[in-house]
Amino acid sequence: MKGLYKEIEESQTLLINTQSKLLIDQNKKVIKFGFGQSPFLPPKSVLKALKESVKHKEYTSVQGDSELREFMSAFHKQHNSLEVDPNNILIAPGSKILLFNILMAFKNADVFIPSPSWVSYAPQARLAGHHIIKLNTTFEERWRINSKTIVEGTKLKKHEASILILNYPGNPDGLTYSEQELIDIAQIAKSQNMLVISDEIYGLLNHNHSHLSFSNYYPEKTITTTGLSKWCGAGGWRFGAAFLYKNIEPEFKQALIGIGSETYSCAAAPVQIAAKTAYKNFNETKDYVDYQIDILKKIGNYCSDHLNSEKIKVHAPQGGFYIFPDFSFHKEKLNLRGITTSHQLCERLLIETGVALLPASAFGFDADNLVARLAYVDFKEPKEKHLFNIQNDSPNIIEGIEKIVNWIGKS
Ligand code: PMP
Ligand code: GLU
């Protein structure tokens with residue numbers, strides 16, 4: 001019967017992954033720039049810890065293993081001066097469910113969501129019944145929000161509670177904020193008494209090793225989310241964490257634990273044990289992260305340089321593994337080919353070349369913005385770090401970029 005159920009489509013990220021796999025099953029070559037999944041394996045010691053922990057079959061507390069929370073607190077203090085009391089850490093099967101549960105803890109709220117931003121924030125806010133205030137950005141602003149954008153947004157407020165979702169290095173743009181920009185946003189957030197959810201899941205993959213945590217600028221009311229999915233290459237293990245602020249209202253923390261207890265119960269116990277190894281030894285982790293950054297930086301710059309030289313405008317990435325190329329310079333040519341939306345752009349590119357991208361419409365843009373997200377993850381990690389060479393080790397990156405450039409050049 002119609003009208004009984006909530007309207008919610010499968011997330012665009014997971015959908016492109018399924019579609020790409022279907023084409024591959026039909027023996028078609030797909031260059032997988034659609035789904036944002038790390039190609040790196042977790043460090044050997046972490047893999048070993050997971051293998052050895054299968055007998056840990058008991059549930060943990062909802063908040064997660066207490067020793068692990070201590071390791072995480074020490075790790076983030078050392079890594080990016082982020083101060084969090086282990087008692088204020090929530091561990092869950094992925095940060096995605098934590099983001100959702102934070103939103104669910106509010107009865108009514110205005111949720112400020114930058115555009116572009118990750119595909120799941122707006123659907124989650126809608127499922128939680130909140131009012132969304134979109135904060136638009138431009139290419140020239142490097143797709144970043146600022147205090148002015150936020151003030152404009154506050155004019156649309158309907159509720160007492162305000163939640164701002166920040167994400168940097170960003171998905172889909174790969175860009176970060178300068179310290180001054182963070183200070184400005186913190187100032188305005190504080191003056192508006194906003195809760196800021198700072199999604200820093202790509203923080204460790206900042207290409208200059210210089211990630212700054214928002215909680216340092218707005219410790220009063222920032223919840224930071226992170227996890228193992230990106231820097232540790234373990235998205236399918238489903239491990240995420242939220243760092244609550246120091247004087248969190250007891251009833252808010254209770255609501256978060258309550259919702260967790262009524263939904264996921266706890267993160268998988270063996271994964272929590274493996275996570276202890278990942279967070280225990282900062283120096284080992286650092287080598288592993290440096291190795292990934294070295295490769296990601298080379299590939300990201302290769303992609304942005306080549307696209308820019310064909311007037312597909314894109315900012316060189318500063319972290320994570322995404323770029324957000326803007327095809328609007330080629331608008332007339334694309335229109336003549338019957339392509340007027342980002343969805344059509346990605347559909348035709350996939351059909352005609354086998355290159356999968358995700359349209360900007362999935363990230364909060366109007367349909368006719370000819371922009372798309374490219375996840376530069378279609379490569380295999382080399383056996384030896386120092387041996388990495390784009391031409392030899394990432395043929396699909398080279399082929400994919402070449403195919404996009406040739407396709408756009410076609411009259
Ligand atoms: N935030 C962003 C920006 C992401 O790209 C992802 C992708 N998985 C998530 C949150 C959720 O990650 P996870 O649930 O795997 O921790
Ligand atoms: N974060 C990844 C992406 O944006 C995929 C995983 C997900 O959406 O849960 O492609």
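The values are calculated or read from the model by the stated rules, or taken from the named source; none is laboratory data. As the structure is a prediction and not an experimental result, all values here were calculated from the model. Using ideal geometry, Cβ is built from the backbone for each residue, glycine included, and neighbour counts are taken over all protein chains shown.
Overview of values
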{"quantity": "Verdict on I398 being more than 16 Å from ligand 2 (Cβ to nearest atom), of a type in the set (A, V, I, L, M, F, W, C), assigned to a loop (DSSP other than H, G, I, E, B) and modelled with pLDDT of 90 or more", "calculated": "no"}
{"quantity": "Near pairs, Cβ below 6 angstrom, 6+ apart or cross-chain, from segment 359-373 (within 16 Å of ligand 1 (Cβ to nearest atom)) to any residue that is at pLDDT 95 or above and of a type in the set (F, W, Y)", "calculated": "R373/Y322; R373/F324"}
{"quantity": "Enumerated helices (runs of 4 or more DSSP H) restricted to segment 6-119, each holding at least 1 residues that are of a type in the set (V, I, T), within 16 Å of ligand 2 (Cβ to nearest atom) and surrounded by fewer than 15 Cβ atoms within 10 Å (Cβ to Cβ)", "calculated": "12-25"}
{"quantity": "Matching residues, segment 130-168, being closer than 14 Å to S115 by Cβ, within 16 Å of ligand 1 (Cβ to nearest atom) and touching a residue at least 24 places away in the same chain (Cβ under 8 Å)", "calculated": "W143, R144, I145, L164, I165, L166, N167"}
{"quantity": "Residue within segment 68-80 that is touching a helix residue (DSSP H, G or I) at 6+ places or on another chain (Cβ under 9 Å) and over 19 Å from A278 (Cα atoms) present", "calculated": "no"}
{"quantity": "Residue in segment 208-229 that is out of contact with any strand residue (DSSP E or B) (no Cβ under 7 Å at 6 or more places or on another chain), away from ligand 2 (no atom under 16 Å from the Cβ) and basic (K, R) present", "calculated": "no"}
{"quantity": "Residues that are of a type in the set (D, E) and touching a Leu at 6+ places or on another chain (Cβ under 9 Å), drawn from segment 1-37", "calculated": "E9"}
{"quantity": "Filter result for L204 (more than 16 Å from ligand 1 (Cβ to nearest atom) and more than 28 Å from G129 (Cβ to Cβ))", "calculated": "no"}
{"quantity": "Verdict on I257 being surrounded by 21 or more Cβ atoms within 10 Å (Cβ to Cβ) and away from ligand 1 (no atom under 16 Å from the Cβ)", "calculated": "no"}
{"quantity": "Residues satisfying the stated conditions in segment 205-236, i.e. within 29 Å of F40 (Cα to Cα), out of contact with any Gly (no Cβ under 9 Å at 6 or more places or on another chain) and outside any loop (DSSP other than H, G, I, E, B)", "calculated": "F214, S215, I223, G236"}
{"quantity": "Qualifying residue in segment 386-405 (condition: touching a Gly at 6+ places or on another chain (Cβ under 6 Å), at negative phi and not basic (K, R))", "calculated": "no"}
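Listed here are the residues, each with its yes/no results for (1) modelled with pLDDT under 95; (2) more than 17 Å from the chain's Cα centre (by Cα); (3) closer than 26 Å to F252 by Cβ.
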| position | (1), (2), (3) |
| --- | --- |
| I145 | no, no, yes |
| V151 | no, yes, yes |
| N193 | no, yes, yes |
| S198 | no, no, yes |
| S210 | yes, yes, no |
